[in-house]
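Below: the structure, in structure tokens.
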Amino acid sequence: MASRHDHADSTPFLTQADDVDEVKATGAPARVVGDVDDDDGSEERDVHSLTGISYRRSVTIVGVLFYINLLNYMDRFTVAGVLPDLEHAFQIKDSSSGLVQTVFICSYMLLAPVFGYLGDRWNRKYIMCFGISFWSIITLCSSFIPKEHFTLFLLTRGLVGVGEASYSTIAPTIIADLFVADKRSRMLSIFYFAIPVGCGLGYIAGSKVTSVAGDWHWALRVTPGLGLIAILLLGFIVKEPPRGAVERKTDKPLSSTTYVSDLKALVKNPSFMLSTLGFTTVAFVTGALALWAPSYLMRARIVLYKTEPCETPICNYDDSLIFGLITVVTGILGVGAGVEISKRYRKVNPRADPIVCACGMLSSAPFLYLALVFADTSLVATYVFIFIGETLLSLNWAIVADMLLYVVIPTRRSTAEAMQIMVSHLLGDAGSPYLIGLISDGIRRGKPDSSVLTFRSLEYALMLCAFVAALGGGFFLATSLFIEKDRKKAEMVSEGLVSEEEKIEDGIVVPKRGRSTRVPVSSVLI
């Protein structure tokens, strides 16, 4: 694969005869890291010849994957959109409400490595078809659980994680095998638009369907029907591309290594590990806000306008609707802006990706804090600060995914996706909704209950998000120290120029078996 950050000062370190030897040994033409095809049409034909999938078909596949990702996040946050009704129906407190999301995330997190392993070795299309079918059936079943069986409802939310784990670990790797360089970044940005847009549509669908039907259970019956359409699209349109062919520029397939070897290699990859920790803070903040922000805004409205708390089976969901719309708009703006800013900044700084992520996280922290402290003074100001904070928070979604794909070799990308999902959810949004609810209940414990106290307790608990966002900025800054070296090594290993055991120091490859390579002219003493 042509590097997006390679410089023009590259020249052969050994003679061309060595390249001829490589052709004889591998049966493939020698590739030079840094070769760039400026003709987009030629590049598209080259990728098509390697994958057997046309450019138009590839774009259509991305559209199908976007649609399914949209449904995933819609389903996940429909529950958050009807949280007050769910609390009223099951007679639960804040800590139990947070447990609804935590159980789902724990299941999703624990099963991600299983599907990551399968996704690197088996047909990814069939795995996704199974997962989406299972997820749709379980979601539909959860909508029929009576109010006396909250534990059973928790169990079904956990099982929904099975389906989502089978999809989220695999879909980005299919996109990586269909596109290269900037086209891959653009397609990933389209795919990850589905996260904030799906979250926002979840709030909107949950609130509007509940209002129209007069029963919050109907909100959970929307996505299963749409899931059936997703299965049909997946079956008839999506085609399985060969793993890593676009990187190697050859028909010879890459061979998989053992699962233990994959895990060891990922742990030793500093860019992957640090960006994963950075993304963990993103998951912590977004998970907490996704579940609690609408409820917090409702409580703020009660305190600010002296209205009565909702005691009816169906509550007013204006704040859920507004927050959902904000999430949709900020997601589109944030993801798109992040990709474009990074693309332009990369022309002058090859470390642009982690730096843009760091700036987004560090800048979002003060706005999230201001959104909380202004809630009992001006809801307009609160919504403005939430808008800015969520936009900045969304800058990194597609960039983090792109970084993972170019610092990890193709045969272990599903494993890497699964590992990132497991770590980010284990330390992030698996516990953050429950932790926020636990802190809120702890502040209220032993005190006379009032609308002001329920508002303040949740406000103080949510302030933790601003500090975690600032910590995430630090992790992304640390990633920028290693990103160039790790990207270069992954590209050279994928193209067969070096083995993973060979070390790359300042652009110079020291082969173990006398293999030829190419290095920057600036690295050679003349």
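Data for the structure
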| item | result |
| --- | --- |
| Rounded, prolate or oblate (a/c below 1.5 giving rounded, otherwise prolate when a/b exceeds b/c) for segment 367-490 by Cα gyration tensor | prolate |
| Trypsin sites (Lys or Arg not before Pro) lying in DSSP loop within segment 335-373, provided at most 10 other Cβ fall within 10 Å | Lys347 |
| FRET E, pair Val384, Phe130, Förster distance 56 Å, beta-carbon r, rounded to 0.05 | 0.80 |
| Over 29 Å (Cα to Cα) - which of Lys93/Lys208; Lys264/Lys488; Lys93/Lys125; Lys125/Lys147; Lys239/Lys264 fall in this group | Lys93/Lys125; Lys125/Lys147; Lys239/Lys264 |
| Whole-Hz ³J(HN,Hα) from phi, Karplus 6.51 cos²θ - 1.76 cosθ + 1.60, for segment 409-426, glycine and proline x | 5, x, 6, 10, 6, 5, 5, 5, 4, 5, 5, 5, 4, 4, 5, 5, 7, 4 |
| Probe 1.4 Å, protein heavy atoms only - accessible area per residue of segment 385-443 in square angstrom | 22 Å² |
| Ordering of 401-414, 265-278 by packing [mean C-beta count within 10 Å, highest first] | 401-414, 265-278 |
| Taking all pairs of distinct alpha-carbon atoms in segment 189-233, Kirkwood radius in angstrom | 11.6 Å |
| Additional length obtainable on full extension of the chain from His149 to Leu304, 0.36 nm per residue less Cα span | 52.3 nm |
| Per residue value of the accessible surface for segment 61-144 (all protein chains in place, 1.4 Å probe), Å² | 31 Å² |
| Per-residue HN-Hα couplings for segment 399-405 [Karplus 6.51, -1.76, 1.60; θ = phi - 60°; Hz; x = Gly/Pro] | 5, 4, 5, 5, 4, 4, 5 |
| Table column - 3J(HN,Hα) (Hz), segment 269-277, Karplus curve with 6.51, -1.76, 1.60, x for Gly and Pro | 9, x, 4, 5, 5, 5, 5, 5, 5 |
| Segment Lys485-Tyr460, length gained on full extension (0.36 nm per residue, minus Cα span) | 4.8 nm |
| Solvent-accessible area, 1.4 Å probe, carbon plus sulfur percent, for segment 89-219 | 72 percent |
| Net lengthening on full extension, Leu453/Arg56 (0.36 nm per residue, minus Cα-Cα) | 137.3 nm |
| Cα coordinate range in segment 165-218, projected on the principal axes (Å, largest first) | 49, 22, 11 |
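The values are calculated or read from the model by the stated rules, or taken from the named source; none is laboratory data. From a predicted model like this one, the values you see are computed outputs, not experimental measurements. In this analysis, Cβ positions are derived from the backbone assuming ideal geometry, glycine residues included, and neighbour counts consider all displayed protein chains. Areas reflect the complete protein model, heavy atoms only, side chains present, ligands, DNA and RNA absent. Shrake-Rupley method; radii C 1.70, N 1.55, O 1.52, S 1.80 Å.
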